[in-house]
Amino acid sequence: MTLWLGDGDMDKFVIQKSSLKGEIKISGSKNASLPIMAATLLTDEECRISGVPNLADIRTMIKILEVLGKNIEFDNNVLIIRQKDKKSYVTPYRLVRTMRASFCVLGPLLARRKKAKVSLPGGCVIGVRPVDLHIKGLRELGAKIAIQKGYCIGEAKSLRGKHIFLGGPFGSSVLATANVLMAAVLARGETNIEYAACEPEIVNLALFLKKMGARIKGEGTPLITVEGVDSLGGADFKVIADRIEAGTFIAMALATGSNLTISGANPFHLTSVIETARKMGADIICKNSRINVKPKRVLSPVNITTLPYPGFPTDLQAQFMACLCLADGISMITEKIYPDRFMHVAELNRMGAHIQRSGPYAIIEGKKKLFGAEVMASDLRASAALVAAGLVAEGKTQILRIYHIDRGYEKLEDKLKGLGAKIKREKQ
Ligand code: EPZ
């Protein structure tokens, strides 16, 4: 996530202390949509994908697929993706550097076009994010991959199924699993992906691939088995709701002490998050796809450790840290996925929080109040944490560089205004 936008795109949020009330409808999942969009490279037939959030990252993936020969319509959260030309296989740095997830076109390109030239993703403020597992898995399927001048150059005359161990130093990898899965569906024979990511986004991708005609078993478990097929067709598919957006609104309800109903999300995708919110003292009732959150007046401190799914998601660590700044006591957060993912700590401390960080640990001493200040967004989830803190802080909070938020939250300020929040977007 390189900071590269021009001034024009530099909006800020101005937030006043607010309590929230009512019901919020969750959008479709960014992290499910992105690999599913890449999977359309596996067919020449038309794909119709609905429930896709209108976000900067989705628009970046649209640009990438257009460069790779797709013709795309996007309206009312529905993508219609058709084949225009299937010769291109180069994904330029100017697009990949803005969004790491673009790297997951590598597997489908190798499987379908037998060659690929995909820029390596650049640095990332949330920490070191190598792609060694992606490359290892694709090489094991038989692809020849070389790294030259910042590009991953691959060739795959024919991919062959294999037993692949995909575990890394921090456990499973979501997008490496996606990349290898999307290559294996067109490989000859059987592939077993061991230590596969179990995230709901991977299950959603597997369901989409199966709709296209793929043969997959075990998605959602650490062992996925794929029986390769010769070709795949088009599909009509709806993506899942965004569990991280839903978790973000749970955090905002906790931070502001507001009684909120979150609708459209799957509570079963949020069990560790709901469990943690209950430990913080909230009453949470889940009925079908509605989650009602009733926090108690003063939150209880808890210890949180981020883990691969179904553990507590790293993408909600910052938002829950903002809540724990107001808890009645000391909490500890252990970041096991991205040990350096603490850019929000200094900004929250600028708002009067008391957080000490050492390596992958953060100790949060709960305070009675936070105070509005000018703070800087550094990445998508850290920005959401600053919004949560701004909603509960005394006085005015100004959050700069909110383009990070636009990457992953659809119409956040409109949704918050609908719940009674005092928030506005202004030019910086
Ligand atoms: C996905 O990223 C999400 N992005 C991230 O959400 C999320 O933080 C992450 O999974 C973990 O849950 C999308 O789905 C688009 P990983 P991904 O590979 O797949 C290490 C957001 O806010 N690793 O599961 O890139 C890696 O460094 C974003 O929406 C290797 O060592 O993450 C990390 O420590 C931010 N080698 C761990 O594995 C590899 O080849 C998990 O990363 C790949 C990863």
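The values are calculated or read from the model by the stated rules, or taken from the named source; none is laboratory data. Here the structure is a predicted model, which is why all the values come from computation and not from measurement. Cβ sites come from the backbone with ideal geometry, for glycine too, and all protein chains shown count toward neighbours. Just so you know, the surface numbers come from the protein's heavy atoms only, side chains and all, with ligands and any DNA or RNA stripped out. Shrake-Rupley method; radii C 1.70, N 1.55, O 1.52, S 1.80 Å.
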(request) For each pair in 12/415; 70/238; 25/369; 84/144, compute the distance between the two Cα atoms and list the pairs where it is over 22 Å. (result) 25/369; 84/144
(message) Along the charge dipole of the chain, pointing to its positive end and built from +1/-1 on Cβ of Lys, Arg, Asp and Glu, which listed residue (364, 35, 324) has its Cα farthest out?
(response) 35
(message) Cross-link candidates for residue 296: which aspartates and glutamates have Cα within less than 12 Å, leaving aside residues fewer than 8 places away along the same chain?
(response) 283, 328
(message) So with the 1.4 Å probe, I'd like the accessible area per residue for the chain, rounded to whole Å².
(response) 39 Å²
(message) Can you tell me how segment 253-304 classifies by the Cα gyration tensor, rounded, prolate or oblate, using a/c under 1.5 as the rounded cut?
(response) oblate
(message) Quick check: with the 1.4 Å probe, what order do 199, 275, 227 take by accessible area, largest first?
(response) 275, 227, 199
(message) Loop only by DSSP, 12 or fewer other Cβ within 10 Å of the Cβ. Give me the GluC sites (Glu not before Pro) in segment 1-100 that pass, ordered by residue number.
(response) none
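Among the complete DSSP H segments of the chain, which ones combine at least 18 Å of alpha-carbon extent along their axis with a mean Kyte-Doolittle hydropathy of 1.6 or more?
380-392
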(request) Add +1 for every Lys or Arg and -1 for every Asp or Glu among the other residues with Cβ under 12 Å from the Cβ of residue 360, and state the total. (result) +1
(request) Grab the other residues whose beta carbon is less than 13 angstrom from that of residue 277, score K and R as +1, D and E as -1, and report the net. (result) +2
(request) For segment 143-150, take each phi angle, set θ = phi - 60°, evaluate the Karplus expression 6.51 cos²θ - 1.76 cosθ + 1.60, and give the result in whole Hz per residue in order, putting x for glycine and proline. (result) 6, 9, 10, 10, 9, 9, 6, x
(request) On a C-alpha basis, how far is the centre of segment 280-328 from the centre of segment 16-58 in Å? Whole number, if you could? (result) 23 Å
(message) With +1 on the Cβ of every Lys and Arg and -1 on the Cβ of every Asp and Glu, and nothing else charged, how large is the dipole of the chain about its Cα centre, in debye rounded to the nearest 20?
(response) 280 debye
(message) I'd like the Karplus ³J(HN,Hα) series for segment 284-292: coefficients 6.51, -1.76, 1.60, θ = phi - 60°, whole numbers in Hz, and an x wherever there's a Gly or Pro.
(response) 10, 10, 10, 9, 6, 9, 10, 10, 9
(request) First compute the accessible area of the chain with a 1.4 Å probe, then give the percent of it belonging to carbon and sulfur atoms. (result) 51 percent
(request) Describe numerically, in nm with one decimal, the distance between label points set 7 Å from Cα along Cα→Cβ at residue 349 and at residue 305. (result) 2.5 nm
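With charges only on Cβ, +1 for K and R and -1 for D and E, what is the dipole size of segment 119-258 about its Cα centre, in debye, rounded to 20? Can you show the working numbers first?
Working: 15 positive and 13 negative charges, 85 e Å.
The dipole magnitude comes to about 400 debye.
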(request) If a/c stays under 1.5 just call it rounded; otherwise compare a/b with b/c (prolate if a/b is bigger, oblate if not). Do that for segment 1-125, with a ≥ b ≥ c from the square roots of the Cα gyration tensor eigenvalues. (result) oblate
